[in-house]
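The values are calculated or read from the model by the stated rules, or taken from the named source; none is laboratory data. Owing to the predicted nature of the structure, the values given are computational and were not obtained by experimental measurement. In this analysis, Cβ positions are derived from the backbone assuming ideal geometry, glycine residues included, and neighbour counts consider all displayed protein chains. Note: areas computed on protein heavy atoms with side chains; ligands, DNA, RNA excluded. Shrake-Rupley method; radii C 1.70, N 1.55, O 1.52, S 1.80 Å.
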Amino acid sequence: MSNSLKNQCSEYLLEQISAALSALHEKKPLVHHITNDVTVNDCANITLAIGGSPVMAPSIDESAEMAACADALVLNIGTLDKRSIESMIHAAKAANELSIPVVLDPVGVGATALRTESARKLIENARFAVVRGNASEIMLLAGECAGIKGVDSSESGMEALGSAIKLSKSLSCTVAVTGAVDIIVSGEKAVFIKNGTPMLSRVTGTGCMCTSLIGAFCGSIRDPFIGAAAGIMSMGISGEVAKSMLKEEEGTGTFRIRLFDSVSNLTPQRLREMGDISCEK
Amino acid sequence: MSNSLKNQCSEYLLEQISAALSALHEKKPLVHHITNDVTVNDCANITLAIGGSPVMAPSIDESAEMAACADALVLNIGTLDKRSIESMIHAAKAANELSIPVVLDPVGVGATALRTESARKLIENARFAVVRGNASEIMLLAGECAGIKGVDSSESGMEALGSAIKLSKSLSCTVAVTGAVDIIVSGEKAVFIKNGTPMLSRVTGTGCMCTSLIGAFCGSIRDPFIGAAAGIMSMGISGEVAKSMLKEEEGTGTFRIRLFDSVSNLTPQRLREMGDISCEK
Amino acid sequence: MSNSLKNQCSEYLLEQISAALSALHEKKPLVHHITNDVTVNDCANITLAIGGSPVMAPSIDESAEMAACADALVLNIGTLDKRSIESMIHAAKAANELSIPVVLDPVGVGATALRTESARKLIENARFAVVRGNASEIMLLAGECAGIKGVDSSESGMEALGSAIKLSKSLSCTVAVTGAVDIIVSGEKAVFIKNGTPMLSRVTGTGCMCTSLIGAFCGSIRDPFIGAAAGIMSMGISGEVAKSMLKEEEGTGTFRIRLFDSVSNLTPQRLREMGDISCEK
């Protein structure tokens, strides 16, 4: 690709992404979550910070009914059990019927048999708009082996490009891999985002929160590929801004608070100015 | 009412409310919560910040035993399921027997059949000192229809005055509606609080935390009407102080932290000076 | 003991403790938690802040499998129920078989029959490297009566020295009592730490987080006695640093964030310089 074409591609994506944030601010989408106990409060607050409205109704006795009212559904298996997986499937089916986008975060898949089986069960029983994970998780879901240590991976991500394409084709959905370089693929189409800071991996839940942001964007626009890119770029840029605000003696506690600040102050203009996205590796 | 009578009424309420905070600081009430997974940490920290001692024992195998030791019991249906509702009823009955005040936060009632049925079940099986909700929730409980979007409503609240009076009479308890103007009613008696800031609706759990503050006050003084007003005013004033402390580039993350700061630094004097309460609409 | 011997003892302990932090930074231990819903996010973030990697897999269908991959296992009964206790026993047995250290936080034991029975069941079915509690909890476990108010005790702790020694002998493990003075005992051996600030008791979860830090240290070095002392001293010193950073109008909200900051910036050098540990009461 020539430099001029490359620039055109980046410009086009940045236009789409900043327009997505305007759409989100306008729509204030209701994002239903069935998520984990560790970061559920963070997911709610990040959804509010970006301009959405969060709701968490994990019980199987209401999860589908709530999903039917929502603009997007986020499923996260961070602290799954057999009951929560059943509730997720109920909710996803209800959302699928109404064409409400469903976003999956397969936290720690591959780390235990329960997670791997549950992720497969979800995939067999529901259609997803976006699946977002780290490199290990996406490689595992695509059928590759991957060593997993905990749930907070900080691998570079690029090693998972092939797996992401394979998984995207097999599930007919957008697949996003977050890492030092973030990858978003839809079939053969791929874009790469270089925003972010290593500090994001020193706070729990930045992956979960990124998935919530993707949910908020997918609940506001029709294109899950742009929704995934917009959510990931919003997190990356907000991480950079949060890092730049830190003073001496401040550490991960303040960084985490600055992250919410930055997301709540994010504008379409800031996305256009700071976004580092390209159509080539 | 003449201006002089109006002022007398406000003065009287401010005296009662600031005395309630002194009583709370003195007593350090133990506030038992059966609450939701999203904001449970916030409820514990706000209870500590105001000077109380929080305890959360949601299991049906201990919830009633813990309630019997507490100075107040807070029930919040934010992420209810069938088991948690049973546990709440057990705990409420134990509290009722010992005349320990019980405060109900019917989060999202009306949004799903489970929430509506569960709230009704709680009301049928236990007596409450205070029910606090937003306008939609109180109108729904009083038998009016109301559209609900998510669980974080920001309606003005005044449209729910009639419903609040109706509900207060039917349950023989104090009913509080939080919104742009907060309403506290007990039978025909009503007071109105205008403290607060719209930023409170951009952080999850400010409603839940307000209910926890009401619980802490009701565990410290005998009058649930004043307890409800004191909890709501404490939240509103702390929101104003938190907002005023924000610097450029700070957003909802820092605001949330400043809210805990302000509650932890709240004094009877500040309540008297900043409290905006009146006996007329 | 002569002053010179006393100093030698303190010097020796400070050397061991600061070396333990270097080992932790090097190893980045995976710390599996089965813990409570109130402070689970705090436990994850404090584990990351000190340099470890947290994982929470509470379901009985995966807790043992995850424990077998971890460097340490932390069990906390803060919001226990019958299912979570079974899951804890499964996980502890798996850890015991592989000599992975298990740390127990018996939150609120004595406050209800469920907590007391569950703690006894855990003790009968698993071996612990460290048990950490406040004075009431350790006294109760050792068979003494103790009045418990809530789960956030702020007793001085020294009254529990005898109980700690008794419990340590009966369980053949390190027992730590946190309070105004922290006590760490192993059989007849005892050390005393005077770091900390009363503000630590005005934030929920500082006990739970202290136990997570102990878990991270025990997952990095072989000596649970030093691991317990290192975790407790890290929390105490970080509390002092956090307190010293507070400005006017800041309160418990900012203190809590500064605590994460201080833990994330903690160095072996700071432990050596600020550590206040002695081998005599």
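For the reader, a short list of remarks on this structure follows.
- Counting only residues that are of a type in the set (Asp, Glu) and open to solvent by less than 10 Å² (accessible area, probe 1.4 Å), segment A:38-71 holds 2 of them.
- Any hit, segment B:79-91, residues being surrounded by 22 or more Cβ atoms within 10 Å (Cβ to Cβ), touching a residue at least 12 places away in the same chain (Cβ under 8 Å) and within 15 Å of the chain's Cα centre (by Cα): no
- Where a residue in segment A:172-186 is under 13 Å from A:Met158 (Cβ atoms) and its partner, wherever it lies, is open to solvent by 30 Å² or more (accessible area, probe 1.4 Å), with Cβ under 6 Å and at least six apart: A:Gly179/A:Glu155; A:Gly179/A:Ser156; A:Ala180/A:Ser156; A:Val181/A:Met158; A:Val181/A:Lys194; A:Val185/A:Ile165
- If you go through segment B:1-14 and keep only what is among the hydroxyl-bearing types (Ser, Thr, Tyr) and either in contact with a Ser or Thr (Cβ under 7 Å, 6 or more places away or on another chain) or assigned to a helix (DSSP H, G or I) (or both), you end up with B:Ser4, B:Ser10, B:Tyr12.
- Selection within segment A:99-126 - touching a residue at least 40 places away in the same chain (Cβ under 8 Å), of a type in the set (A, V, I, L, M, F, W, C) and within 14 Å of chain C (Cβ to nearest Cβ): A:Val107, A:Ala111, A:Ala119
- Of the residues examined, B:Lys281 is one that is more than 19 Å from A:Ser264 (Cβ to Cβ), more than 14 Å from every other protein chain (Cβ to nearest Cβ) and at pLDDT below 95.
- Residue within segment A:101-116 that is in contact with a Pro (Cβ under 9 Å, 6 or more places away or on another chain), open to solvent by 10 Å² or more (accessible area, probe 1.4 Å) and closer than 17 Å to A:Thr35 by Cβ present: yes
- Residues in segment B:119-145 that are among the small types (Gly, Ala, Ser) and surrounded by fewer than 24 Cβ atoms within 10 Å (Cβ to Cβ): B:Ala126, B:Ala142, B:Gly143.
- Complete set of residues in segment B:46-58 that are within 14 Å of chain A (Cβ to nearest Cβ) and in a helix (DSSP H, G or I): B:Ile46
- Members of segment C:244-270 that are basic (Lys, Arg) and open to solvent by 30 Å² or more (accessible area, probe 1.4 Å): C:Lys247, C:Arg270
- Scanning segment B:27-37 for residues that are surrounded by fewer than 24 Cβ atoms within 10 Å (Cβ to Cβ) and polar (S, T, N, Q) turns up nothing.
- Evaluated against (1) outside any helix (DSSP H, G or I); (2) in contact with an Asp or Glu (Cβ under 8 Å, 6 or more places away or on another chain); (3) open to solvent by 20 Å² or more (accessible area, probe 1.4 Å), C:Val74 falls short on exactly one condition, (3).
- Restricting A:Val191, A:Val175, A:Val203 to those that are over 21 Å from A:Ile77 (Cβ atoms) and within 17 Å of the chain's Cα centre (by Cα) reduces the list to A:Val191.
- Looking across segment B:146-164, just one residue is open to solvent by less than 40 Å² (accessible area, probe 1.4 Å), of a type outside the set (Gly, Ala, Ser) and at pLDDT 75 or above, and that is B:Leu161.
Yes/no per residue for (1) within 12 Å of another protein chain (Cβ to nearest Cβ); (2) part of a helix (DSSP H, G or I):
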{"site": "B:Gln16", "(1), (2)": "no, yes"}
{"site": "B:Leu21", "(1), (2)": "no, yes"}
{"site": "B:Asn36", "(1), (2)": "yes, no"}
{"site": "B:Asp42", "(1), (2)": "yes, yes"}
{"site": "B:Ile60", "(1), (2)": "yes, no"}
{"site": "B:Glu65", "(1), (2)": "yes, yes"}
{"site": "B:Met88", "(1), (2)": "no, yes"}
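- Residues located in segment A:217-261, provided they are in contact (Cβ under 8 Å) with a residue 60 or more places away in the chain, under 15 Å from the mean Cα position of the chain (by Cα) and within 14 Å of chain B (Cβ to nearest Cβ): A:Gly219, A:Ser234
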